[in-house]
């Protein structure tokens, strides 16, 4: 009968202990930073730091496969999706520190401490008094780390594993269904676009800027197409159109030329 | 790996130095090879054959002014290039350069570190390298950078899946996840008997796992943001993508990371599919070729061949459109990889002599039938249908007719017949008021 915690403490080599004491504060700092960070992106980055530290802990406890999969899946894929979404919110969105419910902050702190105490005591009771099982196959080297995980995943825990993958697939397909908007009128290919662009009455070239071919450089002056007609798209919705009189529109002979 | 600490330090420094030198060399190599392909000399001024050109460029870049945008998130803005470079360099630590050698009386492998699951280190590093890109785009505080970062990250993540699935086939075949062990597993030849002819093919995985090799090579180009998949930067189309706001040494770091990633991916492909440091000919021809420091030659020759391939692609292929690129990744590479993995699993069961004859036939035959069925019944590309009403132009596209008579240019007229041109231009002077040079 050996206590699990004591065994772990006794077995830890110097290197392992050193890395633990370096990384544990960083992991905790990341967790605290996650709660305290005002910007959502900073919070997500803090969480990523904590996850990385956990991955290194897994590797230190001779579970390298789990550690690297944690980095690839959680830090690399899931946190990245979080970041994607958070970035699209805009970088100026910050948490509001305004207390909407009276006394909410005090109650939240109280209940938070209570929950932490409950969890800690429960975990302590569950872990203390545990005995170390006889060396499992992977510890003696009869089975590699990867093989042990594969065997557990695909024999003992096959059913839960399949259920979880099914649920995740359903969630992903459901999200697609919600986000999907059917295109009206079907897909238009390059050919349709080309036909539309060259249809009669449509000028296929790039549109001239406001004031091009005009006698005035005001933004209220419409652009003229090469054939002299007004380009409707150059008329601003906000600037009232200015109707020129015939005298105004006529050339002013500013270059000293006579017709 | 139980190396003394001094040896670990030496190896770590050597890997770093080799990577930096390879990057400097690769930039010069790329510019020269592309230049030769485009029939021009390329950089040839600084040092012999222009070899010091990239060093000069790097120094110049480092001494440029470092601009910090006013809207930037300072900490993240500085951390992003650091993340990119760190991940790029770390990934190279598990690449085996050669077999066990004797260094000052210590037996050690020519590899910084190796352990049970070392291939995953490279995959994890490339997964973390995306953070560098994404954070760079976000921290710049500019919409262009953010959009560039999202493009880049979506690309890298998509192609990482295809890359991972291609690597899975190697895990499958070798039942190993360690780079050094995978190289050694490929050393065994592949016996092949055709009639009375007995051959031993090299056991390199690019033969047995040919589909995975092809997918890996395509995904590797997408993963490293290189032409024809260089959509995040696309020099001729975008400004600089996620690196728009970066300057000086930080900007250089992103390109350092990109070239290091190129070298790492080439080295990974050589390790997984092309026999790693093994000599590219049978052992019997020259037994000493695979001992001592000799394999370094084969390893670097293979890596350089891959880098040449990268440059060749850049010099040959036009850039893909973004939607076509994503379609290739998600609708071709990923499904093909998945089907190929299933087939590989079935074939392995079918070819395993330990199973009963019925099982073997059922699995091997079933796999073959599934592949055949997929090839035969795959919906073919939609054929072009003749439109009901004929278009004016060629093959349906509205282009000018072939017998179009182009009117003579007014300028040519003016040069040939000044008097007539003046008269002609007077007529439309009212319409063309912008022409000022006449009269």
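The values are calculated or read from the model by the stated rules, or taken from the named source; none is laboratory data. Everything numeric here is computed off the predicted structure, so don't read it as measured data. Methodologically, a virtual Cβ is constructed for each residue, glycine included, from the backbone with ideal geometry; neighbour enumeration extends over all protein chains shown.
Key figures for this structure:
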{"quantity": "Residue within segment B:369-390 that is in a loop (DSSP other than H, G, I, E, B), modelled with pLDDT of 70 or more, away from every other protein chain (no Cβ under 14 Å) and surrounded by 10 or more Cβ atoms within 10 Å (Cβ to Cβ) present", "calculated": "no"}
{"quantity": "Index of the failed condition, residue B:180 passing every other in (1) crowded, with 17+ Cβ neighbours inside 10 Å; (2) away from chain A (no Cβ under 14 Å); (3) without any contact (Cβ under 8 Å) to a residue 24 or more places away in the chain", "calculated": "(3)"}
{"quantity": "Qualifying helices (runs of 4 or more DSSP H) (wholly inside segment A:144-231; at least 1 residues being within 11 Å of another protein chain (Cβ to nearest Cβ), at pLDDT 80 or above and over 30 Å from residue B:118 (Cα atoms))", "calculated": "A:190-197"}
{"quantity": "Output for segment B:123-144, where each listed residue is surrounded by fewer than 24 Cβ atoms within 10 Å (Cβ to Cβ), more than 16 Å from residue B:257 (Cβ to Cβ) and facing chain A (nearest Cβ under 9 Å)", "calculated": "B:123, B:141"}
{"quantity": "Selection status of residue B:300, modelled with pLDDT of 90 or more and farther than 30 Å from residue B:104 by Cβ", "calculated": "no"}
{"quantity": "Subset of segment B:152-165 that is more than 9 Å from chain A (Cβ to nearest Cβ) and surrounded by fewer than 21 Cβ atoms within 10 Å (Cβ to Cβ) - its residue that is nearest to residue B:213 (Cα to Cα)", "calculated": "B:161"}
{"quantity": "Test: residue in segment B:101-108 that is within 28 Å of residue A:66 (Cα to Cα), away from chain A (no Cβ under 12 Å) and either crowded, with 19+ Cβ neighbours inside 10 Å or touching a residue at least 40 places away in the same chain (Cβ under 8 Å) (or both)", "calculated": "yes"}
{"quantity": "Flag if residue A:115 is exposed (fewer than 11 other Cβ atoms within 10 Å of the Cβ) and at pLDDT 80 or above", "calculated": "yes"}
{"quantity": "Subset tally (residues that are farther than 19 Å from residue B:164 by Cα, assigned to a helix (DSSP H, G or I) and out of contact with any helix residue (DSSP H, G or I) (no Cβ under 6 Å at 6 or more places or on another chain)) for segment B:208-249", "calculated": "1"}
{"quantity": "Candidates B:120, B:168 - the one that is closer than 30 Å to residue B:352 by Cα, in a helix (DSSP H, G or I) and within 9 Å of chain A (Cβ to nearest Cβ)", "calculated": "B:120"}
{"quantity": "Given (1) assigned by TED's automatic domain parsing to the domain that holds residue B:132; (2) out of contact with any helix residue (DSSP H, G or I) (no Cβ under 8 Å at 6 or more places or on another chain), number of the condition residue B:356 does not satisfy", "calculated": "(1)"}
{"quantity": "Residue B:296, sole failed condition from (1) buried (at least 24 other Cβ atoms within 10 Å of the Cβ); (2) touching a strand residue (DSSP E or B) at 6+ places or on another chain (Cβ under 9 Å); (3) in a helix (DSSP H, G or I)", "calculated": "(1)"}
{"quantity": "Evaluation of residue B:264 against (1) over 15 Å from the mean Cα position of the chain (by Cα); (2) on the phi < 0 side of the Ramachandran plot (one fails), failing number", "calculated": "(1)"}
{"quantity": "Segments classed as helices (runs of 4 or more DSSP H), wholly inside segment A:9-94, with at least 3 members that are at pLDDT below 90 and within 16 Å of residue B:130 (Cβ to Cβ)", "calculated": "A:79-88"}
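For every residue, the table says whether it meets (1) buried (at least 17 other Cβ atoms within 10 Å of the Cβ); (2) assigned to a helix (DSSP H, G or I); (3) under 20 Å from the mean Cα position of the chain (by Cα); (4) in the same structural domain as residue B:209 (by TED's automatic domain parsing).
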| position | (1), (2), (3), (4) |
| --- | --- |
| B:305 | no, yes, yes, yes |
| B:310 | yes, yes, yes, yes |
| B:332 | no, yes, yes, no |
| B:337 | yes, yes, yes, no |
| B:340 | yes, yes, no, no |
| B:345 | no, yes, no, no |
